[in-house]
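Below you'll find the structure, written out as structure tokens, and then a few comments.
The values are calculated or read from the model by the stated rules, or taken from the named source; none is laboratory data. Not measured: the values here are computed from a predicted model. We place every Cβ from the backbone using ideal geometry, glycine too, and count neighbours over all the protein chains shown. Side chains are part of the model used for accessible areas, which takes the heavy atoms of the whole protein and leaves out ligands, DNA and RNA. Shrake-Rupley method; radii C 1.70, N 1.55, O 1.52, S 1.80 Å.
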Amino acid sequence: MPLHVLQHPLGAHVLTHLRDQTTKPALFRTLAYQISLLLALEATRDLATEEKSIETPMESMIGRVLARPLVIVPILRAGLGMVQPFQDIFPDVSVGYVGLERDHTTAIARSYYCKLPPLDGKRVLVIDPMLATGGSAVQALDVVKSAGAKELGFICIVASPEGVAALEKAHPDVPIYAGALDRELNAKKYILPGLGDFGDRLYGT
Ligand code: PRP
Ligand code: URA
């Protein structure tokens with residue numbers, strides 16, 4: 001499955017301000033909304049539509065509407081910063097949650113929460129701003145696949161080459177949509193140049 005890296009001048013502009021260490025949490029949240037909106041549009045280009053007959057004020061016509069509901073699954077907690085734009089543009093979207101937290105020493109993700117709507121027959125997008133080692137994304141996709149999801153995508157704001165490789169190895173059927181593909185991970189498994197700890201910057205912790 002291909003890796004789709006966002007190619008949009010506004011995406012580059014927003015991401016640069018998001019990365020800037022002087023950006024404070026309020027602006028950080030706005031920028032996270034903006035880049036997530038661009039990624040939401042990119043990752044849903046191929047959603048199925050079906051015909052619908054309507055009457056305009058002028059005459060009858062056959063339009064097209066979305067054929068199937070969409071499900072998004074943010075990985076808590078940082079993934080919550082990407083939910084609102086999906087709800088704004090897809091009013092019928094369902095939201096499931098997977099709670100995962102990386103251990104500060106080992107960088108291995110521990111699961112602490114899971115609540116999912118029915119996933120069978122739905123397009124399911126797992127969302128998390130940072131794809132670092134890929135451990136969290138791989139675990140979250142394992143969980144949603146076990147719950148019946150078959151048509152999947154993974155959306156992140158910043159990806160590392162290591163994370164992309166791990167995700168492609170574990171879930172080769174899942175397309176990845178990223179705002180940027182960065183250089184590498186550091187010794188503590190943080191992305192370089194990256195933007196630091198997304199959850200801490202989003203919530204001012
Ligand atoms: C961050 C991020 C991802 C994960 C990525 O979350 O939001 O979920 O790390 O790292 P990985 O690819 O190496 O698994 P974190 O565990 O820090 O929790 P938080 O969202 O609660 O801040
Ligand atoms: N999680 C983050 O928030 N940032 C990173 O660089 C890696 C994991």
_Degrees separating the helix 161-170 axis from the principal Cα axis of the chain, which is the longest one_ = 60
_Could you order the peptides 70-77, 154-161 from most to least packed, using the average number of other C-beta atoms within 10 Å per residue?_
154-161, 70-77
*Helix 25-43 axis, angle to the chain major axis (alpha carbon atoms, nearest 10°)*: 50
*Can you check what the net charge comes to around Pro193, using other residues whose Cβ is under 10 Å from the Cβ of Pro193 (Lys, Arg +1; Asp, Glu -1)?*
0
*the chain - mean residue ellipticity at 222 nm from DSSP helices (-39,500 (n - 2.57) per run, n ≥ 4, rounded to 500)*: -9500 deg cm²/dmol
*asked:* For the chain, take the longest principal axis of its alpha carbons; what is the angle in degrees between that and the long axis of helix 135-146, to the nearest 10 within 0 to 90?
replied: 40
*Long-range amide H contacts for Tyr97: which residues qualify at under 5 Å (H placed 1.01 Å from N, peptide plane, sequence gap of 5 or more or a different chain)?*
Lys115, Leu116
*Counting pairs of alpha carbon atoms under 8 Å apart in space and at least six apart in sequence, what relative contact order in percent does segment 3-203 give?*
22
*Mind checking the per residue accessible area of the chain for me, 1.4 Å probe, whole number of Å²?*
52
*Using the Cα atoms of the chain to build a convex hull, what is its mean projected area in square nanometres?*
12.7
*How large is the dipole of segment 1-76 about the Cα centre if only Lys and Arg carry +1 and Asp and Glu carry -1, each at its Cβ, rounded to the nearest 20 debye?*
420
*asked:* Over segment 3-203, how many pairs of lysines fall under 24 Å by alpha carbon, counting only those 8 or more apart in sequence or from different chains?
replied: 12
